[in-house]
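*Asks:* Input: one structure, supplied below.
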Amino acid sequence: MRINGRKGWLVLAATIIMSLGLSSLVTAQAKAQLYIPVISKGFQHQFWQAVKQGAEAAAKQYGVQITFEGPPTEADIQPQVQMLVNAMAKSPSAICLAALDTNSVMDQLNQAVQQNIPIIGFDSGVQNAPDGAIYATAATNSYNAAGVAADEMYKVIKAKLQAATAAKPVTIVDFNQDATSQSVTDRGKGFRDQMIKLITTDLKRPASDIRVKGNAAYIGPDTPTSGKAIIIDVVVPPSPKDTDMTNAAQAMLNRFKSDNIVGIFCSNEGASRGILSATNDGSALPKQYPGLAVIGFDAGKAQKAAVKAKYFLGAITQDPVQIGFKAVELAVFAIQGKPVQDIDTGAKFYNAANMDQAVFKPLLYD
């Protein structure tokens, strides 16, 4: 190409600069087109708002586009399925999913495998997903975390368990909002198994003294079910809706004296909130249910206040911000072809004595 005069050179220079600018813009747009929908179990709990904060922080750090959504409550399985259907229609680069019910999203999971769309599980993950669908999961080891709750409760009810007889049995309630979510069921089973282990190894009572009853999903082939001295009652309400959780909590508290209930483990914020709603934010616990040891799970203002006031013995907290951050980070790595693996985002027991320590500040979200 022949360039005539100074004006021609200026035009050429401008063209080159514009081309370079356009190239940079195209590159930036391509980067922005990395789209990762993050589909949670709901928005009813403050836990999910903290997860959202972590996911957004990771999206900002890695320069990717995310959307964060969840159904109105954790009972709304079909709305979550539709969210996943809508996300798949947008050809995402990867998906972060906390499934309410794996069977309900099986078609979408198989579609993701066929289209080579990485799925990262978070919170409870995606139990029983098709091979190759889930690249990794960012979650608390719920089974082990609930075991910590059993350890802490056991310390204060040990003497009552030792004294229990078939004529004067004691009851421990394992309160779970559902029997479908992997994180919830893992916690219920983790608490159950650790409590049984403590009773049989530390107290050296035979498993034949223990009876696990209640929801069938929490009773395995090796679960003791014939004992009469120590009862572990697994309570699951009709739905995870707040009204059902509160009604179930009130029903179990009505049995406080007749069943000699010595402890209640609440496996998530919803279960904890049910107990609080049934006891005037926990203030009725020491007055109407003296000696009852209640341990919650997660945080939230009401639950933290109950722990602070010593209405609850304490609670187990996860790190929801890290769950959200690590889920998106794993999705980015999977898109880039980097090897990824499951990440345990951790959990701790907090009570009135330690909850103000610096280590708990980022974990006790509002």
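The values are calculated or read from the model by the stated rules, or taken from the named source; none is laboratory data. Computed from a prediction, not measured in an experiment: that's the story for all the values here. Note that each Cβ is placed from the backbone with ideal geometry, even for glycine, and that neighbours are counted across all protein chains shown.
*Asks:* Which residue, of Ile77, Ile39, Ile120, is touching a Pro at 6+ places or on another chain (Cβ under 8 Å), among the hydrophobic types (A, V, I, L, M, F, W, C), crowded, with 16+ Cβ neighbours inside 10 Å and outside the structural domain of Lys304 (by TED's automatic domain parsing)?
*Replies:* Working: Ile39 fails: touching a Pro at 6+ places or on another chain (Cβ under 8 Å); Ile120 fails: touching a Pro at 6+ places or on another chain (Cβ under 8 Å).
Of Ile77, Ile39, Ile120, the one residue that is touching a Pro at 6+ places or on another chain (Cβ under 8 Å), among the hydrophobic types (A, V, I, L, M, F, W, C), crowded, with 16+ Cβ neighbours inside 10 Å and outside the structural domain of Lys304 (by TED's automatic domain parsing) is Ile77.
*Asks:* Right, something else. Only one of Gly296, Gly337 is under 30 Å from Cys96 (Cα atoms), among the small types (Gly, Ala, Ser) and free of Cβ contacts under 8 Å to residues at least 12 places away in the same chain; which? I'd like the intermediate steps shown before the answer.
*Replies:* Numbers: Gly296 fails: free of Cβ contacts under 8 Å to residues at least 12 places away in the same chain.
Step by step, each of Gly296, Gly337 is checked, and only Gly337 is under 30 Å from Cys96 (Cα atoms), among the small types (Gly, Ala, Ser) and free of Cβ contacts under 8 Å to residues at least 12 places away in the same chain.
*Asks:* If only one of Ala138, Ala146 is within 20 Å of the chain's Cα centre (by Cα), at pLDDT 95 or above and either outside any helix (DSSP H, G or I) or assigned by TED's automatic domain parsing to the domain that holds Glu74 (or both), which one is it? Quick ask: steps written out before the conclusion?
*Replies:* Working: Ala146 fails: either outside any helix (DSSP H, G or I) or assigned by TED's automatic domain parsing to the domain that holds Glu74 (or both).
Answer to the check: Ala138.
*Asks:* On to the next question. Kindly check whether there is at least one residue in the range 294-301 that is closer than 21 Å to Gln177 by Cα, surrounded by fewer than 19 Cβ atoms within 10 Å (Cβ to Cβ) and either in the same structural domain as Ala159 (by TED's automatic domain parsing) or out of contact with any Cys (no Cβ under 9 Å at 6 or more places or on another chain) (or both).
*Replies:* Yes; the residues of the range 294-301 include at least one that is closer than 21 Å to Gln177 by Cα, surrounded by fewer than 19 Cβ atoms within 10 Å (Cβ to Cβ) and either in the same structural domain as Ala159 (by TED's automatic domain parsing) or out of contact with any Cys (no Cβ under 9 Å at 6 or more places or on another chain) (or both).
*Asks:* Of all residues in the range 288-301, which are within 15 Å of Ala50 (Cβ to Cβ) and over 14 Å from the mean Cα position of the chain (by Cα)? Give the steps one after another, and end with the answer.
*Replies:* Going through the range 288-301, the residues within 15 Å of Ala50 (Cβ to Cβ) turn out to be 297-301.
Result: Lys301, single match.
*Asks:* Which residue is modelled with the highest pLDDT, if the candidates are limited to the range 126-135 and must be part of a loop (DSSP other than H, G, I, E, B) and aliphatic (A, V, I, L, M)?
*Replies:* If we filter the range 126-135 for residues that are part of a loop (DSSP other than H, G, I, E, B), which is where we start, we get 126-133.
Applying the additional criterion that residues be aliphatic (A, V, I, L, M) yields 126, 129, 133.
On the way: Val126: 88, Ala129: 92, Ala133: 96.
It comes out as Ala133.
*Asks:* So which of Arg211, Arg255 ends up being at pLDDT 95 or above, out of contact with any Gly (no Cβ under 9 Å at 6 or more places or on another chain) and farther than 30 Å from Pro72 by Cβ?
*Replies:* Only one candidate passes the filter, namely Arg255.
*Asks:* Next up: Hey, any hits in the range 302-321 for a residue that's in contact with a Cys (Cβ under 8 Å, 6 or more places away or on another chain), touching a residue at least 60 places away in the same chain (Cβ under 8 Å) and farther than 17 Å from Thr140 by Cα?
*Replies:* no
*Asks:* Also: Can you tell me which condition Ala306 does not meet? The list is (1) in a loop (DSSP other than H, G, I, E, B); (2) surrounded by 22 or more Cβ atoms within 10 Å (Cβ to Cβ), and all the others hold.
*Replies:* It is condition (1) that Ala306 fails.
*Asks:* In this structure, does Lys204 turn out to be free of Cβ contacts under 8 Å to residues at least 12 places away in the same chain, basic (Lys, Arg) and either closer than 18 Å to Gly263 by Cα or surrounded by fewer than 22 Cβ atoms within 10 Å (Cβ to Cβ) (or both)? Even if it seems obvious, please write down each step before you answer.
*Replies:* Details: free of Cβ contacts under 8 Å to residues at least 12 places away in the same chain: yes; basic (Lys, Arg): yes; either closer than 18 Å to Gly263 by Cα or surrounded by fewer than 22 Cβ atoms within 10 Å (Cβ to Cβ) (or both): yes.
Considered against the rule, which asks whether it is free of Cβ contacts under 8 Å to residues at least 12 places away in the same chain, basic (Lys, Arg) and either closer than 18 Å to Gly263 by Cα or surrounded by fewer than 22 Cβ atoms within 10 Å (Cβ to Cβ) (or both), Lys204 comes out as yes.
*Asks:* Can you tell me which residues in the range 323-334 are out of contact with any helix residue (DSSP H, G or I) (no Cβ under 6 Å at 6 or more places or on another chain) and either touching a residue at least 40 places away in the same chain (Cβ under 8 Å) or more than 30 Å from Gly132 (Cβ to Cβ) (or both)?
*Replies:* Hits for the range 323-334 are Lys326, Ala327, Leu330, Ala331, Ala334.
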